[in-house]
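Below is one structure, written out as structure tokens; comments come after it.
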Amino acid sequence: MKIAILSGDSSLYSTRRLKEAAEEAGHEVRIIDYLRCYINVAAHKPMVYYQGTPLNDFDAVIPRIGSSSTFYGTAIVRQFEMMGVYTANGSQAISRSRDKLRCLQILAREGVEMPITGFANSTQDHEGLINMVGGAPLVIKLVEGTQGIGVVLAETATAAKSVIEAFRGLSANILVQQFIKEANGEDLRAFVVGGKVVAAMRRKALPGEFRANIHRGASADAIELSKKEAETARLAAKAMSLRIAGVDLLRSSKGPVVLEVNSSPGLEGIEKATRKDVAAAIIRYVVGQAKKGSPTTDQ
């Protein structure tokens, strides 16, 4: 089978591991820089071109779209969908997952538990917003932030007001979210492939830090999720129509709550922490779905 991995950097761990796993399984693999692709939007013969050559012979595509390139990256994925090529994650699902507010609204509609979250346009409404999520301390997030960037813990209502005014003064859209103190600087990452949790890890933030992102120095170790935690992760991925997803959870006093659903979850942290071959699980799933002729677009 011929597989394309859409990635802006062929040296990234996740991209390399997916290529290795596919080749070990006997498949032909090519890494395509999606930012160098261009498309012909035609009614009867849509096409993606790369370095002057049409990409019309792939059986499956695995998108690894960077958050800063979501618009262009999903346009390329959508073009492959129009060509009838199976894509590991659909263009609509990727776009929805990148908008934190839209993601949370979809999860809420499907009954997925999450921290109390507020959103407002005017800074004049900050008092009601702060009270709605249970008061300080609380978390303020940029809607389009990633890897912990643009996430602030406000210890007091006064600090929260200042941060809200600063972000809105820059015309940045923000979410105000309940702080789950009992999580104690830890979160869980569940890696979901085809509706199954194939690996899970616990991430612990550095002392004095509340963001448990590995990119910010957090430590990680393998963990066995409870039945409820695994079910919550599966439900979150399904709600977002993501066939491959990294679901971030917190352990709260009312049970597991979802923080975020990632459509291009990194493989390095989860594989090193759990010693599981997540890349191989992704390749097996993608190949199986492509062979079955599964739908190429989001359902």
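A short reminder: the numbers here are calculations on the coordinates, not readings from a lab. The structure displayed is predicted, hence computed values, not measured ones. So basically every Cβ, Gly included, is an ideal-geometry build from the backbone, and we count neighbours across all protein chains shown.
Within the straight-line cut-off of under 12 Å between alpha carbons, the aspartates and glutamates reachable from LYS272 are ASP221, sequence neighbours fewer than 8 places apart in one chain being disregarded. Between ARG36 and ASP59, the FRET efficiency from the beta-carbon distance, with R0 = 25 Å, is close to 0.70.
Looking at the range 226-299, the trypsin sites (Lys or Arg not before Pro) that sit in a DSSP loop and have at most 13 other Cβ atoms within 10 Å of their own Cβ are LYS254, ARG275.
Set the Förster distance to 41 Å, then compute FRET efficiency between GLU144 and HIS44 from the Cβ-Cβ distance, nearest 0.05. E between GLU144 and HIS44, to the nearest 0.05, is 0.70. What FRET efficiency would be calculated for the residue pair ALA159, SER252, taking the C-beta separation as r and a Förster radius of 22 Å, to the nearest 0.05? With R0 = 22 Å, the Cβ-Cβ based efficiency is 0.45. GNM remark for the chain: springs join alpha carbons under 10 Å apart, and the peak mean-square fluctuation among THR15, THR74, THR123 falls on THR123.
Using a cut-off of 19 Å between Cα atoms, the listed pairs LYS19/LYS276; LYS141/LYS228; LYS227/LYS292; LYS254/LYS276 include LYS141/LYS228; LYS227/LYS292; LYS254/LYS276 as exceeding that distance. The value given for the range 117-179 is a Kirkwood hydrodynamic radius of 11.2 Å, derived from the mean inverse Cα-Cα separation.
In this label model, LEU170 and LYS292 are separated by 4.4 nm, measuring between points 7 Å along each Cα→Cβ vector. As a size descriptor, the averaged projected area of the C-alpha convex hull of the chain was calculated at 16.0 nm².
Model label points for ALA25 and ASP125, set 7 angstrom from Cα along the Cα-to-Cβ axis, are 4.6 nm apart. Percent of Cα pairs in the range 182-277 per distance bin of 10 Å, from zero to the largest separation: 18, 53, 27, 2. For the range 12-170, dividing the convex hull volume of the Cα atoms by the residue count gives 171 Å³ per residue.
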